[in-house]
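Written out below as structure tokens is the structure these notes cover.
The values are calculated or read from the model by the stated rules, or taken from the named source; none is laboratory data. Treat the numbers as computed from the prediction; the structure is a model and nothing was measured. A quick note on method: Cβ atoms are made from the backbone with ideal geometry, for glycine too, and the neighbour counts reach across all protein chains shown.
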Amino acid sequence: MKAKWLVITIVLVAILLAIVNNKKQSNNSASSTSEESSGFSPDESLAVLDTKQRPPDPRDVQRYTKVLDQLEGKCDESRKEIAAFAFSVTKSSQSAGFKTDNLDSLKSILSMTDGFERGRGSCYEIAKMFKETDKESKQQAGEDEAEQREEAEAQERQRLREQGGSQN
């Protein structure tokens, strides 16, 4: 009987540790914009990340503020979460080979909010969709690159065959 309780206790502790670890990881990823530009509002943080200028120019911040204000009225999430989504989408797009910045990502998310049926909705879902599209684009680019290499190799083999045949 004691062994059974010991096993149950160990399993519960393991589950609790996994939950705490998962929560820490999600908090770390959600706050990555504030860690990189601490002490700034979400608007200022995104401006700093894009312009690499500390403190950010107020005219730059104003552009982010304008879009974030609009998104705040349409998204279920907080301003800070929306900024984190934009940062995440930007990184995903850049890793897929697109030239973009956080302001572009904010504007892209805003353009997708027009589809919200009740006027408000989850901007997280929009950001998630953009990231999935970027992942697919990156995979497709890799496949296209592999096809191009194969085609170039086939052309080179054909050229070598033709050269070998003409020398005989």
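Please indicate, with yes or no, whether at least one residue in segment 101-124 is in contact with a Cys (Cβ under 8 Å, 6 or more places away or on another chain), modelled with pLDDT of 90 or more, of a type in the set (A, V, I, L, M, F, W, C) and at negative phi.
no
What are the pairs, 6+ residues apart or on separate chains, where a residue within segment 98-112 that is farther than 14 Å from Thr65 by Cα has its Cβ under 8 Å from a residue that is among the aliphatic types (A, V, I, L, M) and surrounded by fewer than 17 Cβ atoms within 10 Å (Cβ to Cβ)?
Met112/Met129
Among what's in segment 54-75 and is of a type in the set (S, T, N, Q) and within 20 Å of Cys123 (Cβ to Cβ), pick the residue that is surrounded by the most Cβ atoms within 10 Å (Cβ to Cβ). Reasoning before the result, please.
Filtering segment 54-75 for residues of a type in the set (S, T, N, Q) gives 62, 65, 70.
Those left that are additionally within 20 Å of Cys123 (Cβ to Cβ): 65, 70.
On the way: Thr65: 18, Gln70: 15.
Here the residue is Thr65.
What's the total number of residues in segment 26-53 that are of a type in the set (Asp, Glu), within 18 Å of Leu103 (Cβ to Cβ) and either modelled with pLDDT under 90 or exposed (fewer than 10 other Cβ atoms within 10 Å of the Cβ) (or both)?
Final tally of qualifying residues: 1.
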